[in-house]
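The block underneath contains the structure these notes are about, expressed in structure tokens.
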Amino acid sequence: MAEPLSTPAYARLRDRLRADILGGAWAPGTHRTLGALAAEHGVSMSPVREALLALEGEGLVEIRQHRGAVVPVLDAKLFADLYDLRGALQSLLARRAAERATAPQIAAMARHEAAYAAAAEAGDAAAALAANEAFHDALEEAADNPQATALYKARSAFVNAVRLRLGFGQARMAEAAAQHRAILAAIAARQPEAAAAAAFAHAMAAKRDLIARLEEGNR
């Protein structure tokens with residue numbers, strides 16, 4: 001869908017570059033200068049800088065002084081670091097959700113948890129990813145910590161795109177469904193520490209699975 005003409009030039013460029021990175025057109029390890037990007041996309045240097053800064057905030061590029069930007073190599077260290085951050089944030093958000101969630105918010109989480117379980121049972125990775133995002137969106141709304149949510153979401157697009165490309169290990173979706181149930185049960189029971197522990201365990205299990213899939217693909 002075309003973006004509104006009122007969308008700032010840097011935002012349009014950011015979205016195009018993000019799509020290039022996630023789609024593989026800008027390959028990991030590949031360096032591009034600001035001048036080359038400006039010429040390629042027919043814009044001035046200013047929106048290029050702003051777009052790259054936004055993408056750096058998402059973890060999609062690394063800006064090199066006076067040299068432009070490079071897409072990080074997709075290796076185990078990168079995803080271990082990303083999931084360590086996700087685990088800390090998910091733990092915090094789950095703790096706050098257990099303290100603050102309303103009954104309708106818990107009901108919304110339960111609907112998305114059930115949708116994930118159904119997708120896992122069917123082996124539908126795309127539907128599982130969508131339901132997983134909806135579950136965490138509902139949890140984040142209940143947590144009511146916009147700063148933590150913004151940081152979490154800034155690192156989610158990259159991981160989700162790689163997950164969709166690599167898929168899941170044989171038992172991962174069923175394992176994640178059980179972990180969602182544990183998180184939801186702790187939130188519904190108003191047990192903040194249990195919710196935090198369950199959310200952290202969920203993130204660490206996802207980290208192990210994604211790294212295993214990445215290493216399998218590199219063999």
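The values are calculated or read from the model by the stated rules, or taken from the named source; none is laboratory data. From a predicted model like this one, the values you see are computed outputs, not experimental measurements. Neighbour counts run over all protein chains shown; Cβ positions are idealised from the backbone, glycine included. We work out accessible area using only protein heavy atoms, side chains counted, and drop any ligands, DNA or RNA first. Shrake-Rupley method; radii C 1.70, N 1.55, O 1.52, S 1.80 Å.
Scanning the range 34-63 for residues that are in a loop (DSSP other than H, G, I, E, B) and open to solvent by 60 Å² or more (accessible area, probe 1.4 Å) gives Gly42, Ser44. Apart from one condition, Ala25 fits all of (1) free of Cβ contacts under 8 Å to residues at least 24 places away in the same chain; (2) assigned to a helix (DSSP H, G or I); the exception is (2). Given the criteria farther than 19 Å from Met204 by Cβ, in contact with a helix residue (DSSP H, G or I) (Cβ under 7 Å, 6 or more places away or on another chain) and not in a loop (DSSP other than H, G, I, E, B), does Ala115 qualify? Here the answer is yes, as Ala115 does meet what is asked. Restricting the range 64-105 to residues that are under 25 Å from Ala38 (Cα atoms), of a type in the set (A, V, I, L, M) and within 19 Å of the chain's Cα centre (by Cα), the residue that is least open to solvent (accessible area, probe 1.4 Å) is Val71.
Residue-wise test of (1) hydroxyl-bearing (Ser, Thr, Tyr); (2) at pLDDT 90 or above.
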{"position": "Gly23", "(1), (2)": "no, no"}
{"position": "Ala27", "(1), (2)": "no, no"}
{"position": "His31", "(1), (2)": "no, yes"}
{"position": "Ser44", "(1), (2)": "yes, yes"}
{"position": "Ala88", "(1), (2)": "no, yes"}
{"position": "Leu93", "(1), (2)": "no, yes"}
{"position": "Ile106", "(1), (2)": "no, yes"}
{"position": "Ala117", "(1), (2)": "no, yes"}
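When Glu50 is tested against the conditions (1) without any contact (Cβ under 8 Å) to a residue 40 or more places away in the chain; (2) of a type in the set (Asp, Glu); (3) over 22 Å from Tyr152 (Cβ atoms), the lone failure is (1). Looking across the range 68-92, just one residue is without any contact (Cβ under 8 Å) to a residue 40 or more places away in the chain, more than 21 Å from Thr149 (Cα to Cα) and assigned to a helix (DSSP H, G or I), and that is Lys77. The conditions of being crowded, with 16+ Cβ neighbours inside 10 Å and over 16 Å from the mean Cα position of the chain (by Cα) are met by Asn145. Of the listed requirements (1) open to solvent by 30 Å² or more (accessible area, probe 1.4 Å); (2) modelled with pLDDT under 95; (3) touching a helix residue (DSSP H, G or I) at 6+ places or on another chain (Cβ under 8 Å), Arg165 misses just one: (3).
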